[in-house]
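Attaching a single structure in structure tokens format; questions to follow.
FYI, it's all coordinate maths here, none of it is from the lab. Here the structure is a predicted model, which means the values were calculated and not measured. With ideal geometry, Cβ positions are generated from the backbone for all residues, glycine too; neighbour counts draw on all protein chains shown.
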Ligand SMILES: C[S@@+](CC[C@H](N)C(=O)[O-])C[C@H]1O[C@@H](n2cnc3c(N)ncnc32)[C@H](O)[C@@H]1O
């Protein structure tokens, strides 16, 4: 057997905090296998359409917050001049390797200030890691600080309260070189009264006649669509809610395309 997954706690939190968001820390090497860049082609077409539709032709300056491995961004770098931010050095390293022409910065989307403006701020699924309305508002203020009036914020939370379909389980096996990687992804809303959803991954990594099993917990936010629309409006944006029919399970999603009003911008 390979490395142990660590101890499970009894009572209280089911999985210790040390086992949270490992996909962006000690297990970041698994990210390109779990969700490879080529799987983002369809999603990227909706982002390209939003950028071109709102900003017109041209190689616009774009800031992506929570760029992760840069998988979505890799489909857009031909269209835009991109700058990227993430809170995880390991994920930034992935994105730098995939998107060598993009300027990368370590930072938290709730507070980062690069001191310059862009035509668009993009926040893909990383926005789902915001767990409170205060964090959403702080992040919208970050977007506002990096836009001029007429600039756009495009974002797509994994779930809205209205689109969460209950407990889901996904699994997949991928083979790369001499490694066979399998993951099981279990998502559930443990307490419907709070604004979070739990996702637990179990990773099975088979290599050199050894099997390593790892557990990784992710807590993400879930809010009603109206909360997103209200908070964006309060932050100075006019919001369009567009259908985002890209999910493998056929589940509903919305792309939020928010334009900074003329009296806004810092
Ligand atoms: C699912 S990954 C993003 C993957 C990305 N969409 C791609 O195409 O590769 C989520 C990312 O959000 C980042 N993240 C989470 N909270 C953040 C925060 N407050 N500020 C910046 N990045 C954050 C994580 O470090 C992680 O890299």
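What percent does the relative contact order of the range 32-97 come to when contacts are Cα pairs within less than 8 Å and at least six residues apart?
The normalised contact order for the range 32-97 reaches 35 percent.
Something else: With the radius of gyration and the Kirkwood radius both derived from the Cα set of the range 70-207, what is their ratio Rg to Rh?
1.01
Taking only Cα atoms, what is the 0 to 90° angle, nearest 10, from helix 133-145's long axis to the longest principal axis of the chain?
Relative to the chain, helix 133-145 is tipped by roughly 50 degrees.
A further question follows. Provide Rg over Rh for the range 51-100; use the alpha carbon set for both Rg and the Kirkwood Rh (inverse mean inverse pair distance).
In the range 51-100, Rg relative to Rh is 1.00.
If you count, for each residue, the other Cβ atoms within 10 Å and average over each peptide, how do 28-35, 241-248 line up from highest to lowest?
28-35, 241-248
Show me 172-182, 222-232 ranked by packing, highest mean number of other Cβ atoms within 10 Å first.
222-232, 172-182
Provide, for q = 0.17, 0.19, 0.20, 0.24 Å⁻¹, the log10 of I(q)/I(0) from a solvent-free Debye sum over equal Cα point scatterers in the range 159-253.
-0.87, -0.98, -1.03, -1.22
Moving on to the next point. Report, in degrees rounded to the nearest 10, the 0 to 90 angle that the Cα long axis of helix 225-234 makes with the longest principal axis of the chain.
Here the helix axis deviates by roughly 40 degrees.
Same structure, new question: Please give the calculated 222 nm ellipticity per residue for the chain, where each DSSP H segment of at least 4 residues contributes -39500 (n - 2.57) and the sum is spread over every residue; nearest 500 deg cm²/dmol?
After summing the helix terms and dividing by residue count, I get -6000 deg cm²/dmol.
Here's another thing I want to ask about it. What does the convex hull of the Cα atoms of the range 162-207 come to per residue, in Å³, rounded to a whole number?
74 Å³
Compute the projected area of the convex hull of the Cα atoms of the range 89-137, averaged over all viewing directions, and report it in nm² to one decimal place.
Average projection, Cα convex hull of the range 89-137: 4.3 nm².
Roughly how many Å is it from the Cα centre of the range 210-255 to that of the range 48-84, as a whole number?
Between the Cα centres of the range 210-255 and the range 48-84 lies a distance of 19 Å.
Working from the alpha-carbon coordinates of the chain, get Rg over Rh, Rh being the Kirkwood radius.
With Rg and the Kirkwood Rh in hand, the quotient comes to 0.97.
Let me ask something additional. Output the peptides 61-74, 37-50, 202-215 sorted from most to least packed, where packing is the average of other Cβ atoms within 10 Å over each peptide's residues.
Most protected by this proxy first, the peptides run 61-74, 37-50, 202-215.
Taking the number of other C-beta atoms within 10 Å as the exposure measure, put 169, 156, 219 in order starting with the fewest.
169, 219, 156
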